[in-house]
């Protein structure tokens with residue numbers, strides 16, 4: 001867990017640094033009388049995906065290459081640190097951790113998909129259409145707790161927030177050893193923070 005926390009903190013620091021540099025550059029240009037920056041192109045209107053693409057995205061969120069790789073990596077890290085201890089630091093423990101990660105992913109993403117469909121929301125991450133560092137940083141860190149309505153308006157993202165906490169509590173109260181719903185709530189909060197870290201990677205580094 002510590003490496004993940006450190007990674008998240010690093011990206012937050014990088015984002016803050018980029019924001020500070022952008023602000024300093026803007027301030028310097030104003031004082032020196034430099035020409036104003038070129039206006040950004042008009043933003044493309046938000047368009048919700050059609051039903052087939054939304055379903056494919058839902059399946060990919062659980063069984064896509066990136067999702068499977070993330071589950072494997074998380075299971076490997078937990079096995080290396082032997083967390084939880086009850087599952088042991090060997091291949092059998094790795095298998096249990098991987099199955100646990102996949103189980104939580106299926107529960108969480110199924111809840112998100114169902115709530116998004118019911119309320120016509122889009123809870124998935126979309127890169128900022130503004131290219132300045134501060135807008136991109138804000139978009140990345142706020143996206144885990146926001147969603148887009150059918151018209152593209154940013155709203156409170158209760159489908160992802162509820163599903164993240166609910167799936168963590170279900171896992172803690174069912175198959176995860178020695179855990180309670182309180183541990184599930186803590187893990188849900190940690191997961192939302194990790195999501196913000198992933199979003200920063202997508203916003204500033206991984207452009208696919």
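Sort 130-137, 90-97 for me by packing, meaning the mean count of neighbouring Cβ atoms within 10 Å per residue, highest on top. Don't jump to the answer; show the numbers that get you there.
On the way: 130-137: 17.8, 90-97: 15.2.
Those peptides, ordered most packed to least, come out 130-137, 90-97.
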Taking alpha-carbon centroids only, segment 186-208 lies from segment 53-67 a number of Å equal to 17 Å
Rounded to the nearest 0.05, FRET efficiency between residue 149 and residue 106 (Cβ-Cβ, R0 25 Å) equals 0.45
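Starting from the coordinates of the alpha-carbon atoms of segment 44-130, obtain the Kirkwood hydrodynamic radius over all distinct pairs and give the value in Å to one decimal. Before the final figure, lay out the partial values.
Values: mean 1/r = 0.0677 Å⁻¹.
This gives a value of 14.8 Å.
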Segment 45-66 scanned against label point 7 Å out from residue 117 along Cα→C-beta; backbone N under 20 Å for 48-64
Compactness summary of segment 47-204: radius of gyration and Dmax from Cα atoms, Å, are 16.4, 50
Over the Cα atoms of segment 158-208 the radius of gyration and the largest Cα-Cα distance (Dmax), both in Å, equal 13.3, 40
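Computed from the coordinates by the stated procedures, all read-outs in this text should not be read as laboratory data. Because the structure is a prediction, the values reported are computed rather than measured. We place every Cβ from the backbone using ideal geometry, glycine too, and count neighbours over all the protein chains shown.
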